[in-house]
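Peer 1: Once you've had a glance at the structure underneath, I'll fire off some questions.
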Amino acid sequence: MTNDIKAKSATAFADSANKCAEPVAALDFETALMLEARQFEARSQVEEGKGPRPLRLIVVDLEFAYDRDAYEGYKVAEGAGAEKDIRWPFHAIACASWMILRFDPSAEVPVVEEVTTLANDEANEAEIAARLFGVLELHPGARLITWGGESKDLAVLRRVAAAAGLLLPPQLLDPHPHSRHRLDLCRAVSGSARFPHLPEFAAAIKVPCKPAAAKEVGPLVEREEWEKVRDQCLADVLTTCVIALQHLAASGAVTCHRQRSIAAIAEAASKAMPRSAFVRNTFAPWARARLAESRLSGAIYRAG
């Protein structure tokens, strides 16, 4: 096993829940999102006379650690002019998690094609990035979904690719934050409003979020408690999946039975990560309860 974090004497850092703290100037995003959803639907139905095509989403989350050795070298070189905060170029990937969802035409529930979580006890930063890039390359038409990824995660992945000699996948080639190959849900749900943290937004819509507060993830990385770090990272992916499902259904980009879809996501996560305390004790019971409620009320929520 390789441990890139330990080799760099890094102090743990994980703030994926706190990304997107402030909005930046942008286009009329709500209009752009609506038009893009409609254009996707039109392309799917008419391109070369083919019928509707599946929509594939790859939902990704990263957790990080500080590369303090590199930062200290920078501070020595720059002196008083050095940045006081350890910014994203010095954030090393400690863990990554991703889930692939395929929405087939006329299907009410997405197919969960893959659930993967990889930490530094199994692979170093470059190896984690290479695994993720391979998945994205395998599905060049898939849309990359993140929460606040445009603010840091994707920048770190581009840095790793350049340093390690990796080829960027199609989803990362366009640096524009509103690239049609990606969707940053933090920006999408906010428009011109202030960007919320993931736990903040999840609490507001009553969706389970990570088992520990964001500030507690860093110490878990520092202590190399990789099982707990994986659980945190997977939890962010599951929460982001639910938000993506709801947001894309509301915009008309997908049509699904929401409660059954969430139950399918929970079942896939349980099979892929049977030791996950978050899935077993929180997410799966919540998903089952949502499904039971929908059966009692007879409500089916569909978009389109």
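Peer 1: Is at least one residue of the range 213-224 under 16 Å from the mean Cα position of the chain (by Cα) and of a type outside the set (Val, Ile, Thr)?
Peer 2: Within the range 213-224, one or more residues are under 16 Å from the mean Cα position of the chain (by Cα) and of a type outside the set (Val, Ile, Thr).
Peer 1: How do the pairs read when you match residues in the range 257-279 that are more than 19 Å from residue 229 (Cα to Cα) and of a type in the set (Ser, Thr, Tyr) with residues anywhere that are in a helix (DSSP H, G or I) and at pLDDT 95 or above, using Cβ under 8 Å and keeping only pairs 6 or more apart or on different chains?
Peer 2: These pairs meet every condition: 261/245.
Peer 1: Out of all the residues in the range 68-87, is one or more under 23 Å from residue 185 (Cβ atoms) and touching a strand residue (DSSP E or B) at 6+ places or on another chain (Cβ under 7 Å)?
Peer 2: no
Peer 1: Applying the selection to the range 169-209, what residues are among the charged types (D, E, K, R), in a loop (DSSP other than H, G, I, E, B) and closer than 25 Å to residue 158 by Cβ?
Peer 2: Across the range 169-209, the qualifying residues are 174, 180.
Peer 1: For the range 124-135, check the following and say yes or no: at least one residue is in contact (Cβ under 8 Å) with a residue 40 or more places away in the chain and under 27 Å from residue 262 (Cα atoms).
Peer 2: Here is the first cut: in the range 124-135, the ones in contact (Cβ under 8 Å) with a residue 40 or more places away in the chain are 124-127, 132, 135.
So of that shortlist, the ones also under 27 Å from residue 262 (Cα atoms) come out as 132, 135.
Scanning the range 124-135, I find at least one residue that is in contact (Cβ under 8 Å) with a residue 40 or more places away in the chain and under 27 Å from residue 262 (Cα atoms), so the answer is yes.
Peer 1: Is it true that some residue in the range 212-225 is within 17 Å of residue 91 (Cβ to Cβ), among the basic types (Lys, Arg) and assigned to a helix (DSSP H, G or I)?
Peer 2: Among the residues of the range 212-225, at least one is within 17 Å of residue 91 (Cβ to Cβ), among the basic types (Lys, Arg) and assigned to a helix (DSSP H, G or I), which makes the answer yes.
Peer 1: Now a separate question. Test of understanding: among 161, 123, 107, which residue is in contact with a Leu (Cβ under 7 Å, 6 or more places away or on another chain) and surrounded by fewer than 23 Cβ atoms within 10 Å (Cβ to Cβ)?
Peer 2: Working: 123 fails: in contact with a Leu (Cβ under 7 Å, 6 or more places away or on another chain); 107 fails: in contact with a Leu (Cβ under 7 Å, 6 or more places away or on another chain).
Answer to the selection: 161.
Peer 1: Next question, about the same structure. Strands (runs of 3 or more DSSP E) wholly in the range 45-152 with at least 1 residues that are among the hydroxyl-bearing types (Ser, Thr, Tyr) and farther than 22 Å from residue 170 by Cβ - which ones? Talk me through it step by step, then tell me what you get.
Peer 2: On the way: elements: 55-66, 91-103, 111-119, 143-146.
It comes to 55-66, 111-119.
Peer 1: Please go through the range 223-265 and give me each residue that is buried (at least 23 other Cβ atoms within 10 Å of the Cβ), of a type in the set (Gly, Ala, Ser) and within 20 Å of residue 293 (Cβ to Cβ), ordered by number.
Peer 2: 261, the sole residue that qualifies.
Peer 1: Inspect all residues belonging to the range 200-210 and state whether any of them is at pLDDT 95 or above and on the phi > 0 side of the Ramachandran plot.
Peer 2: Within the range 200-210 (the criterion being at pLDDT 95 or above and on the phi > 0 side of the Ramachandran plot), the answer is yes, since at least one residue qualifies.
Peer 1: Still on this structure: Yes or no: residue 198 out of contact with any strand residue (DSSP E or B) (no Cβ under 6 Å at 6 or more places or on another chain) and under 30 Å from residue 259 (Cα atoms)?
Peer 2: yes
Peer 1: Evaluate the range 139-150: report whether one residue or more is touching a Gly at 6+ places or on another chain (Cβ under 7 Å) and at negative phi.
Peer 2: Looking through the range 139-150, none of the residues is touching a Gly at 6+ places or on another chain (Cβ under 7 Å) and at negative phi.
Peer 1: Okay, moving on. Can you say whether residue 156 is touching a residue at least 40 places away in the same chain (Cβ under 8 Å), over 27 Å from residue 90 (Cβ atoms) and assigned to a helix (DSSP H, G or I), as far as the supplied structure shows?
Peer 2: Details: touching a residue at least 40 places away in the same chain (Cβ under 8 Å): yes; over 27 Å from residue 90 (Cβ atoms): no; assigned to a helix (DSSP H, G or I): yes.
Answer is no for this residue.
Peer 1: Which condition number in (1) surrounded by fewer than 20 Cβ atoms within 10 Å (Cβ to Cβ); (2) under 16 Å from residue 103 (Cβ atoms) is the one that residue 203 fails?
Peer 2: (2)
Peer 1: Right, another one. If you check residue 252 against the conditions, is it touching a residue at least 24 places away in the same chain (Cβ under 8 Å), small (Gly, Ala, Ser) and under 26 Å from residue 68 (Cα atoms)? Reasoning before the result, please.
Peer 2: Values: touching a residue at least 24 places away in the same chain (Cβ under 8 Å): yes; small (Gly, Ala, Ser): yes; under 26 Å from residue 68 (Cα atoms): no.
It is false that residue 252 is touching a residue at least 24 places away in the same chain (Cβ under 8 Å), small (Gly, Ala, Ser) and under 26 Å from residue 68 (Cα atoms).
Peer 1: So residue 232 ticks every box in (1) part of a helix (DSSP H, G or I); (2) modelled with pLDDT under 95; (3) of a type in the set (S, T, N, Q) but one. Which box is left unticked?
Peer 2: With (1) part of a helix (DSSP H, G or I); (2) modelled with pLDDT under 95; (3) of a type in the set (S, T, N, Q) applied to residue 232, the lone miss is (2).
The values are calculated or read from the model by the stated rules, or taken from the named source; none is laboratory data. These numbers come from a predicted model, not from an experiment. Quick reminder, even Gly has a Cβ in these numbers, built from the backbone with ideal geometry, and neighbours come from all protein chains shown.
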